[in-house]
Amino acid sequence: MAKIEKKAKEDHSNDWLSTYGDMVTLLLTFFVLLYASSSQDEQKFQYIYQAFTSHGKYLNQYVDSPNPVPEEGEGTVSEKPDSNGGQGNLPQSFDQLYHYISQYVSENNLEQSVSLENGAAHLSIRFDNNVFFEPNSAVLTQAGKDLLDGIGPGIKAVKTSIKTCTVNGHTAKAISEVNDWDLSAGRAVSVVKYMDFRKVLDTEQFRAKGSGYAEPIADNSTPEGMAQNRRVEMVLLKADVDLTDPDVLKDILRFDYGIDLDNFDPDGDHSSDTEKVPNDYAQSIIDSLEQKYPDLNGGGLSVGPVIPGDYDTFAANVESDDSGSDAGSDAGSDAGAEE
């Protein structure tokens, strides 16, 4: 009887090469994607970043379409986003950010608690205290965190167009168990810390300020007025500005230098006599602007009307008053005991 010839054993020692080849192909595809995104502008990279970090939970416009160009006024969030962004059309310029946040406020029925002001070089957002904080507390509520998560992706999308983000806390003049300075500053810091934690902007772009009850916007003698004075204001200052535009200059001087030209009274006597004011006031401001905005207009500025006076040399003599140092939170009425 003939012997059955044994079949030679198949050599599987090189099967790993197939898996290895697939892995190399995927890596090559990934690096091609990275290279392609690096040649795009930062806004498109932001879309790609959100697509990866949301693990497919949210589909933004760049993933769905390679050239997202939202129409004027677009910029909505149809769902509550995670920390890295949400569904919808993100703004692609500083000017579109106003429409983005406005629609978010409208869609979430926050018109009574959040108001916006759009200027030539700034975007101001005013939040009622009850949006972010419990009375006498500087700890962000969950509703406050949700609100910041809602508007955060839009701010983050245009962060290269933002020079600074200043958050200012305010209280009402009332009897309170919490010091007004501590409370107002603590609330501003809480908002900044949360946005910084979420990487909405670079740390260097944030500013925090506590004004206590020194900057009221309503009459403190009524409960309604006190409620309006208890607020948090966020001011986003535009980075790329035209310093030859008088309205832009007024915005910068007001929000970056604290000089309100509409109500400026350098001699303190509420008169319109500009002869009392040093003549180099305008040049002082121009020199300072050139230092802070060196890349604009080729390093040189050409402003409109000359502003009289010298801001750097104009200073008020303030005498210390120990008798009023502890006034703090003691003034006011029982009607507004909680901040």
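The values are calculated or read from the model by the stated rules, or taken from the named source; none is laboratory data. If you're wondering where the values come from, they're calculated on a predicted model, not measured in any experiment. Using ideal geometry, Cβ is built from the backbone for each residue, glycine included, and neighbour counts are taken over all protein chains shown. Calculation scope for accessible area: heavy atoms of the full protein, side chains included, ligands and nucleic acids excluded. Shrake-Rupley method; radii C 1.70, N 1.55, O 1.52, S 1.80 Å.
What distance in nm separates the simple spin-label points at Asn109 and Lys199, each placed 7 Å from Cα in the Cβ direction?
Simple spin-label model gives 3.5 nm for this pair.
Can you give the accessible area per residue of the range 101-146, in Å², using a 1.4 Å probe?
47
Please give the FRET efficiency for Thr141 paired with Thr222, using the beta carbon to beta carbon distance and R0 = 25 Å, rounded to the nearest 0.05.
0.45
Which whole-Hz couplings ³J(HN,Hα) result when phi for each residue of the range 109-118 is put into the Karplus expression 6.51 cos²θ - 1.76 cosθ + 1.60, θ = phi - 60°, listed in order with x for Gly and Pro?
Ordered by residue, 3J(HN,Hα) equals 6, 10, 4, 7, 10, 10, 10, 10, 9, 10 Hz.
Distance from a point 7 Å along Cα→Cβ of Asp260 to each backbone N in the range 211-235: keep the residues under 14 Å and list them by number.
Only 214-219 pass the distance filter.
Taking amide H positions as placed in the peptide plane 1.01 Å from N, state which residues far from His122 in sequence (5 or more) or on other chains have amide H under 5 Å from it.
Result for His122 returns Lys238.
Against the 2.2 N^0.38 Å scaling, with N counting residues, where does the range 80-182 land? I'd like the Cα-based Rg ratio to two decimal places.
1.16
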